[in-house]
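Reviewing the structure listed below.
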Amino acid sequence: MAGEPRRPLVAGNWKMNGLMTSVSEVSKIAAGARDLAQRVELLVCPPATLIAAFAVTVRGSPLRIGGQDCHSEARGAFTGDLAAEMLKDAGASAVIVGHSERRRYHDENDTDVRAKTMAAMRAGLMTIVCIGETRAEREAGATLSRIEQQFHDSLPVAADEKSLVIAYEPVWAIGTGLIPTTADVAEVHGFLRKQLVTRYRSAGEAIRILYGGSVKPVNAKELLGTANVDGALVGGASLKAEDFLGIAATYG
Ligand code: PEP
């Protein structure tokens, strides 16, 4: 079905990096986002401590600010956690859920990820749901079955292109400098597109699928030019405005 072309999204995951002094870096990204706004949407997800300051800094620019995780409940006795509504209140318009580092270090499973996704959508945040296979799963030939299971178990029954973005992030490619072949990326993204259309019908054509895992300015053209890749989720290279904008400029 031929609908509107999907607007590319390049999202930065700052992980546990950044202090108030990083406001100058996000200002540079916001300035670059203005120049690229016709062709690509940009999002920076700093640690929660910086969301409010970054949201004020980038006000009036097309750069969006997001969180890196949220709780599945809106409030309550969950010491140290943050509700999606709180991220929104601080100035976030998006949130990443199900990142492999959350799955690994906080034991989050697909059921948790689905609950967080629904909470984020209820709060009106654009939700980037991360899925991807481990090295062992790829070597065992289980990539697509793992992706299918994560897709099935992590995603809500209803979603559209405003509420949901998928990030395919092979766990073994995150922070390692290793990347899959473009054929492997195309295979997984094509598979995900079919799953999206089956589940969400016409909205499934419009929902963006990002690639994440060691994206750098030097490999961005190849990765972002692959079929059904609608942008990138970028970790390490999103911390420097020059590198992050260099990746986004692939759409320039
Ligand atoms: C990530 O953390 O989502 C990520 C893709 O990291 P990196 O780009 O550093 O591999």
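Sorted largest first by accessible area at a 1.4 angstrom probe radius, with every protein chain in place, the residues Asp243, Asp230 fall in the order Asp243, Asp230.
The distance separating the Cα centre of the range 216-247 from that of the range 55-96 comes to 24 Å.
As a rough guide to protection, the peptides 168-174, 34-40 ranked by mean Cβ packing within 10 Å, highest first, stand as 168-174, 34-40.
The phi torsions of the range 56-66, fed into the Karplus equation with coefficients 6.51, -1.76 and 1.60 and a -60° offset, translate into couplings of 5, 4, 9, 3, x, 9, x, 5, 9, 10, x Hz, rounded to whole numbers, with Gly and Pro shown as x. Note on the chain: GNM, Cα springs under 10 Å; of Leu155, Leu144, Leu43, the largest mean-square fluctuation is that of Leu144. From the alpha carbon centroid of the range 124-183 to that of the range 1-49 is 20 Å.
Summarising the overall dimensions of the chain from its C-alpha atoms, the Rg and Dmax are 16.7, 48 angstrom.
Only Cα sites of the range 23-168 enter the Debye sum here, all with the same form factor; the resulting log10 I(q)/I(0) across q = 0.11, 0.15, 0.22 1/Å is -0.45, -0.79, -1.30, listed in q order. When the inverse distances between all different Cα atoms of the range 121-218 are averaged and flipped, the Kirkwood radius reads 13.9 angstrom. The 1.4 Å probe gives accessible areas that order Phe54, Phe78, Phe191, largest first, as Phe78, Phe191, Phe54. The residue among Ala90, Gly213, Val165 whose Cα reaches farthest toward the positive pole of the charge dipole of the chain, with charges on the beta-carbon of Lys, Arg, Asp and Glu, is Ala90. Treating cross-link reach as a plain straight distance, find the lysines whose alpha-carbon is under 28 Å from the alpha-carbon of Lys240, omitting any fewer than eight places away in the same chain. Candidates past the 8-residue exclusion: Lys15, Lys28, Lys88, Lys162, Lys216, Lys221. Phi angles of the range 124-139 translate, via the Karplus equation with coefficients 6.51, -1.76, 1.60 and θ = phi - 60°, into HN-Hα couplings of x, 8, 5, 10, 9, 9, 8, 9, x, 8, 7, 4, 4, 5, 5, 5 Hz per residue; Gly and Pro are given as x.
The values are calculated or read from the model by the stated rules, or taken from the named source; none is laboratory data. Treat the numbers as computed from the prediction; the structure is a model and nothing was measured. We place every Cβ from the backbone using ideal geometry, glycine too, and count neighbours over all the protein chains shown. Ligands, DNA and RNA are stripped out before the accessible areas are found, and what is left, the full protein with its side chains, is counted by its heavy atoms. Shrake-Rupley method; radii C 1.70, N 1.55, O 1.52, S 1.80 Å.
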